[in-house]
1. What distance in nm lies between label points placed 7 Å from Cα along the C-beta direction at residue 157 and residue 33?
2. Given the peptides 44-54, 124-134, arrange them by the average over their residues of other C-beta atoms within 10 Å, most packed first.
3. Could you please state, rounded to a whole Å, how far the C-alpha centre of region 1-50 is from the C-alpha centre of region 89-166?
4. Leaving ligands, DNA and RNA out of it, work out the accessible area of residue 135 with a 1.4 Å probe and give it in Å² to the nearest 10.
5. When the chain is fully extended, how far beyond the present Cα-Cα distance does residue 139 get from residue 102, taking 0.36 nm per residue of separation?
Amino acid sequence: MSTTIEPRLLSIYLNDHVTGATAGLQRVRRMASAYDRPSLAAALSRFEQEFTEERQWLVRTAVSLGVTRNKPKALLASVAEKAGRLKLNGRAVEHSPLSPLLELEILRGAVLGKLSGWQTLEAHAAGLGLSPEQVEHLHHLQRQAVAQKDTISALLEEIRPEAFSS
């Protein structure tokens with residue numbers, strides 16, 4: 001079944017995903033500076049590079065599809081990501097053992113949302129006029145998102161026993 005792409009809806013969708021990619025990258029960068037656990041630090045370092053490249057590809061693709069960046073939405077997302085750091089974790093100033101668990105859970109949800117975005121773009125590749133190279137890159141991005149989700153899940157298993165420690 002062929003559908004007509006509504007440019008306004010595509011713009012909203014891609015702007016939402018660019019905004020999410022920006023917030024996710026900010027969170028990963030902040031987490032990398034906050035946690036020194038070797039397994040977490042290594043994963044966050046890899047994620048920072050991958051998230052940067054993913055965001056750049058998404059922005060380039062949006063521009064190639066004629067989508068204009070919604071700057072107010074991007075600013076709002078940046079503020080929301082920073083506000084999300086203020087969550088109550090039982091400690092007024094320092095990190096609690098609960099902090100990395102909560103942040104990894106949020107990050108895993110974001111990665112699953114990103115994976116769905118890559119799948120949605122692939123499902124509409126023909127209607128969007130995406131090149132075979134862009135479609136192949138979407139396959140790569142989907143595999144990468146699954147690997148990120150698996151890494152985060154393993155990290156969660158590693159830190160769960162400490163989550164409620166005093």
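The values are calculated or read from the model by the stated rules, or taken from the named source; none is laboratory data. Computed from a predicted model, the values in this text were never measured in an experiment. Positions of Cβ are generated from backbone atoms using ideal geometry, with glycine treated the same way; all protein chains shown enter the neighbour counts. Keep in mind that these areas ignore ligands, DNA and RNA; they rest on the heavy atoms of the full protein, side chains included. Shrake-Rupley method; radii C 1.70, N 1.55, O 1.52, S 1.80 Å.
1. 3.2
2. Going by the mean number of other Cβ atoms within 10 Å, highest first, we get 44-54, 124-134.
3. 8
4. Solvent-accessible area, nearest 10 Å²: 30 Å².
5. On the way: separation 37, 0.36 × 37 = 13.32 nm, distance 2.90 nm.
Extra length from residue 139 to residue 102 when fully extended: 10.4 nm.
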